[in-house]
Structures are given as structure tokens and as C-alpha cells.
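Inspection log for the structure reproduced underneath, given as C-alpha cells.
The values are calculated or read from the model by the stated rules, or taken from the named source; none is laboratory data. As the structure is a prediction and not an experimental result, all values here were calculated from the model. Cβ sites come from the backbone with ideal geometry, for glycine too, and all protein chains shown count toward neighbours.
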Amino acid sequence: MAKKTELEKTNFRFNILTTVVYMVGILLIIQLFNLQIIHGKEYRETSNIRLSKEATIEAARGKILDRTGKILADTQMGFNVDLYKTKASDDDMNNALLILAQTLENNKDKYIDEFPISINPFKYEFDNEEELSKFREKYEISEKATPEEAFYKFKDKYSVNIDDVASLRKVIGLRYTIESIGYTSTTPIQLAQNISRASMLQISERGNELPGINIEVESNRVYSQGSLASHTIGYIGRIDEQEYSDKKDKYEADDYIGKTGIEYLFENYLKGENGTKQIDMTVDGATSGEYTTKEAIGGANVVLTIDANLQNIAEQSLKTNIEKIKSGGFGEAYNAQGRSSSCFKYKNR
């Protein structure tokens, strides 16, 4: 009788254990069904937006002022177009670049195009034969190849499936620029600066069609008094290979740096300290969100000893007298080649 009771207890414990195992199994199956079937789409979408990349927040460049505090060089916030490297196919990338170029052109905005072959008619855009020779050597283009043949070599190189020559030229121009400057999944390349609000809205609305393309609100250099004292103020330009090689610790490959004048001499003061931010992207490159991880610190202002009003009077007087010399206003006419700084070309970022 005692043996039977012991056996019954053993069977009871076994049945309880078996029931628990079955219940746990059923719960696991239910949870798996819940994860994969009921909420599968939701979780996949959530997973897709968890690709996070770190990007640079460019610091506002310091102002340049005259002795009275009048601003000669300033920074204004504007919309810029950045491109991050993604796993998008050539077709998707080429289509995105065509949409971008057409959108910007429709709104009279400009984008960076460094491709040295123009169309209608086809011709090389080089200042000298040495530059053309380097170009041919770099891209293995025969000396006998015509500009048109060289152009279509790049069509094959970038796998552009577009027949319209004008559209084809837009895509090749951007692809060439991207290749020349270089970019990564964490360090973008800037394709356009200070675009209009109309372009910004249209590009943002079509974000799903533009893998890797992101609108950034950044500071752009403007010269408030036009070309006034341009020989003194100088200008900024895209950093070249040698400058970047010497200053990799402070600059990105597509940064701008002082080239001449005060912009060059006081570069270390005018340039601020960049910040960083995280950008969340879907697997196809569309931006889904961003947040700041380190605030940028603006550059220091530089105050000059010149007086903008007096400088303007001097430049206008110089310009007037040069024109008068040319027209013979002081007697015999001379072909005066000098120009006041108000006639000098200047560059805005």
C-alpha cells in the first residue's frame, strides 16, 4: 500500500512537470506568433530606423567687423544638401541625383558640379593642356578620344541608364563631384549650399526617393557690404588636398577655409569648434530622425581698424578717377588697367 502511494506521488509530480513544460511551450509559441505575425511589420519598421550615424555640426564662423562695429563678413543660417554613403544601387543613386538636380534647378538653386566636360557642343573645360593630360591619365582616356567619347566613358563608369543627354550630364556631374571629394557613411559630402526654402521642402517631401540625401541647417558665409575692402577681408574656399593633409585633425575633406586676407590670417580665431549629432536612417538611406550629442561653439569675431564708410568713399573715388583717366578727363586718355577693390571679384560661401 505504501509502494502504491509512493508511485502515485511520483506520477503526480511527473504530470505536473509535464503540464508546466507544455504550458511554457505554448506560451513561447504564442509569443513567437505575436512577434512574427501580429507585430512583425511594426518591429521590422522599428528595426529599420535604428541605423544611427554620427555627423558633424559645423560651428558658425566668427564675424569680421570694421572699427565702428559694422559687419563686413557674417554668417547666415541656410539650408544645405548633404549626401551620406549608403548601400543604394547605382540605379537608385543615379535617379536620386537626377531628382535632386532637377529640383534645385527648377528653383534656381545651384549645386556643386566639377565635371570638366560640357555638352552642346561637347568640349573639355580645362585651363591648360597639363590639366587635361592629368585628367586623361587618371581616368585612362586615350589622347585620341573626343570630348564626347570621354563623356560616354563616364556614363558606363557610373552605370547611368539615362538616354537624355541633358539629364545624363546632370547625373554624371554629381557622381564625378562625389568621387572627386569623397564621402563615407559617417562623413557626408555637401552637394549644395544655401538652397531656397522651396527646394528644401520639395527635397524633404521626397526623402524616400533620395537615399543618403539629407537637408542640414548650417551657417553660410556672406559679405554684408558686397565687395567692399575685399582685398583686405579676403575670402574662404573649399579646402584643397594639401591643406586637408596638414589639418586633418580640425577639418573635414569638404570643409571651407580662409584663402586670402583676414579670412586666411585669422583662420584659427574665426573657425569655431564643431559639434556632433546622431542621425537615424532607414536601411535604404532615408533619414528618420536626428539629435545633438555635442553643441558647436562659434568662432571669435575679428575687429579691424578700417572704417567701412571711409573705405567706401576711397574706393568710389578711386574708381571714378580710373574711369576719368580712361576717358581723358585729365587730358590725354590712357588705358588704365588698375581697378578699385570694389571691382574685385569676391566669393561667398
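Observations on the structure shown:
- Tallying residues that are part of a helix (DSSP H, G or I) and touching a Pro at 6+ places or on another chain (Cβ under 7 Å) within the stretch 58-92 yields 1.
- Which listed residue is among the basic types (Lys, Arg) and under 26 Å from the mean Cα position of the chain (by Cα), from LYS123, LYS87, LYS70: LYS87
- GLY182 vs. criteria within 22 Å of ARG238 (Cβ to Cβ) and either touching a His at 6+ places or on another chain (Cβ under 6 Å) or at pLDDT 90 or above (or both): no
- Evaluating ARG61 against the criteria (1) farther than 26 Å from ASP164 by Cα; (2) out of contact with any Gly (no Cβ under 6 Å at 6 or more places or on another chain) leaves one unmet condition, (2).
- Neighbours by Cβ (under 6 Å, 6+ apart or cross-chain): first from the stretch 105-117, more than 19 Å from PHE154 (Cα to Cα); second of a type in the set (Gly, Ala, Ser): ASN107/SER196; ASN107/ALA198; ASN107/SER199; ASP109/SER196; ASP109/SER199; TYR111/ALA192
- The one condition in (1) polar (S, T, N, Q); (2) exposed (fewer than 14 other Cβ atoms within 10 Å of the Cβ); (3) within 23 Å of LEU270 (Cα to Cα) that ASN106 fails to fulfil: (3)
- Filter pass, ASN80 being modelled with pLDDT of 75 or more and polar (S, T, N, Q): yes
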